[in-house]
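What follows is a set of notes on a single structure, which appears directly below.
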Amino acid sequence: MTPRRVLVTGGAGFVGSALALRARTAWPESDVTAFDNLRRRGSELNLARLRAAGVHFVHGDIRSPADLAPLGRDLDLLLECSAEPSVLAGYDGDPSYVIDTNLVGTIHCLELARRAGAALVFLSTSRVYPIEALNAIRTEDGPTRVTIAAAQDLPGVSASGIDEDFPLTGVRSIYGATKLASELLIAEYRAAFGLRTLINRCGVIAGPWQMGKVDQGVFSLWMARHLSGGALTYNGWGGTGTQVRDLLHVDDLADLVQVQVERLEALDGALFNVGGGLACSLSLRETTALCEAISGRRIVITPQPEMRVADVKLYVTDNRRVTAATGWAPGRTAEQILRDLHDWMQTHADALRTAGL
């Protein structure tokens, strides 16, 4: 499809703003609106570049159907990027915001899309997979990282990473549970009302305009600390820093979503794991070495051997299903992502300081 009117919820956030800007360039005749409550510090920095690109901005809250309702007129594509993205959200004793935003907010989006007859592309997360099962993946220790062992007891895991058949039974975090529940409701709306849908379970996304906060993006945090100072820790797993994540450049994600939207009639109902894959993965120790080489700075990193809530030793995305369906594959390397973060943080250092980031 070539959408005529696009709504991006969470549209002033890191991922949402990137997709709103891509929608403007990919479909220049389309009307694109970014909707955001600006709760996360730093999101306000995106408003000027959205405005310069011709993206309309509406300040509102996904928890409020009344805020969303006026945006449904003639809507034909909803990119649902809104979320409280921290895996630790709710563990302070009050889970209301993460539940109301990530689950109730999804329901409000589904209702808007149902009434408008719009297609919905939903950004989910690899955190739908249970923590205990992920930590039961057999691994082998190397000098700088753990690797996936050849022999495995669980389905959905191979040398290529974790695919869509990985087990879903178990505890995953409040954040992960809200996203999985949203996925289930999306499937029900599609079956009951003929809603056109597509779901991407994203791994770690990184790149320029990610603010480098503790609860949002380990790779941007690592580079931010190497540039501005401050301590870091290797948490859990003996404090070795050998735990591994893959990382996906936000522009690679935008490339994929553009392809998916343009082929949505064929991809309707699909669910994909989406990430950097094995070729674009790093351990914390390897991330430190790259950040030191790129920034020319070294900071103190303290081993913290104790496990924390929701710690996972390894997550690498198996992209084979999404690649087979779309032809897409990540194009940016881990080093390029970190260099892009470094250059952006250097260029916008004054604005980031002014925003208290």
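The values are calculated or read from the model by the stated rules, or taken from the named source; none is laboratory data. Everything quoted here is computed from the prediction, not taken from an experiment. So basically every Cβ, Gly included, is an ideal-geometry build from the backbone, and we count neighbours across all protein chains shown.
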All but one of (1) surrounded by 22 or more Cβ atoms within 10 Å (Cβ to Cβ); (2) under 21 Å from residue 317 (Cα atoms) hold for residue 254; which doesn't?
-> (1)
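Considering only the range 105-115, state which residues are surrounded by fewer than 19 Cβ atoms within 10 Å (Cβ to Cβ) and under 18 Å from residue 265 (Cα atoms).
114
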Mind listing whichever residues of the range 34-43 are touching a helix residue (DSSP H, G or I) at 6+ places or on another chain (Cβ under 7 Å), farther than 16 Å from residue 102 by Cβ and surrounded by 20 or more Cβ atoms within 10 Å (Cβ to Cβ)?
-> 34
Mind listing just one residue for me: the one in the range 269-294 that is small (Gly, Ala, Ser) and part of a helix (DSSP H, G or I) and, of those, nearest to residue 166 (Cα to Cα)?
-> 279
Among what's in the range 302-334 and is out of contact with any His (no Cβ under 6 Å at 6 or more places or on another chain), under 30 Å from residue 198 (Cα atoms) and charged (D, E, K, R), pick the residue that is surrounded by the most Cβ atoms within 10 Å (Cβ to Cβ).
-> 318
Result of the Cβ filter at 9 Å on the range 245-274, keeping first residues that are more than 22 Å from residue 286 (Cβ to Cβ) and among the aromatic types (Phe, Trp, Tyr) and partners that are part of a helix (DSSP H, G or I) and at pLDDT 95 or above, at least 6 apart or interchain, is 272/256; 272/260; 272/321; 272/322; 272/325; 272/326
Assuming residue 49 fulfils every condition listed in (1) more than 21 Å from residue 186 (Cβ to Cβ); (2) in a loop (DSSP other than H, G, I, E, B) apart from one, which condition is it?
-> (2)
Quick one: is residue 151 on the phi < 0 side of the Ramachandran plot and without any contact (Cβ under 8 Å) to a residue 40 or more places away in the chain?
-> yes
Which condition number in (1) touching a strand residue (DSSP E or B) at 6+ places or on another chain (Cβ under 6 Å); (2) within 25 Å of residue 148 (Cβ to Cβ) is the one that residue 236 fails?
-> (1)
Examine the range 70-87 for a residue that is at pLDDT 95 or above and either of a type in the set (Val, Ile, Thr) or touching a His at 6+ places or on another chain (Cβ under 7 Å) (or both), and state whether such a residue exists.
-> no
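Counting only residues that are out of contact with any Lys or Arg (no Cβ under 9 Å at 6 or more places or on another chain) and buried (at least 20 other Cβ atoms within 10 Å of the Cβ), give me the strands (runs of 3 or more DSSP E) lying completely in the range 133-223 with at least 2 of them.
Values: elements: 139-141, 146-148, 197-202, 204-206.
Correct list: 197-202, 204-206.
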Of all residues in the range 68-94, how many are buried (at least 18 other Cβ atoms within 10 Å of the Cβ), of a type in the set (A, V, I, L, M) and part of a helix (DSSP H, G or I)?
-> 2
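Mind listing whichever residues of the range 52-67 are of a type outside the set (Asp, Glu) and in a loop (DSSP other than H, G, I, E, B)?
The answer is 53, 54, 55, 60, 62, 63, 64.
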Taking residue 26 as meeting all but one of (1) crowded, with 23+ Cβ neighbours inside 10 Å; (2) under 28 Å from residue 351 (Cβ atoms), write down the number of the exception.
-> (1)
Checklist (1) in a strand (DSSP E or B); (2) within 21 Å of the chain's Cα centre (by Cα) applied to residue 234, failing item | (2)
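Restricting to the range 295-328, give me the number of residues that are in a helix (DSSP H, G or I) and touching a residue at least 24 places away in the same chain (Cβ under 8 Å). Walk me through how you get there before you give the answer.
We begin by selecting, within the range 295-328, every residue in a helix (DSSP H, G or I); these are 295, 320-326.
Applying the additional criterion that residues be touching a residue at least 24 places away in the same chain (Cβ under 8 Å) yields 295, 320-322, 325-326.
So the answer is 6.
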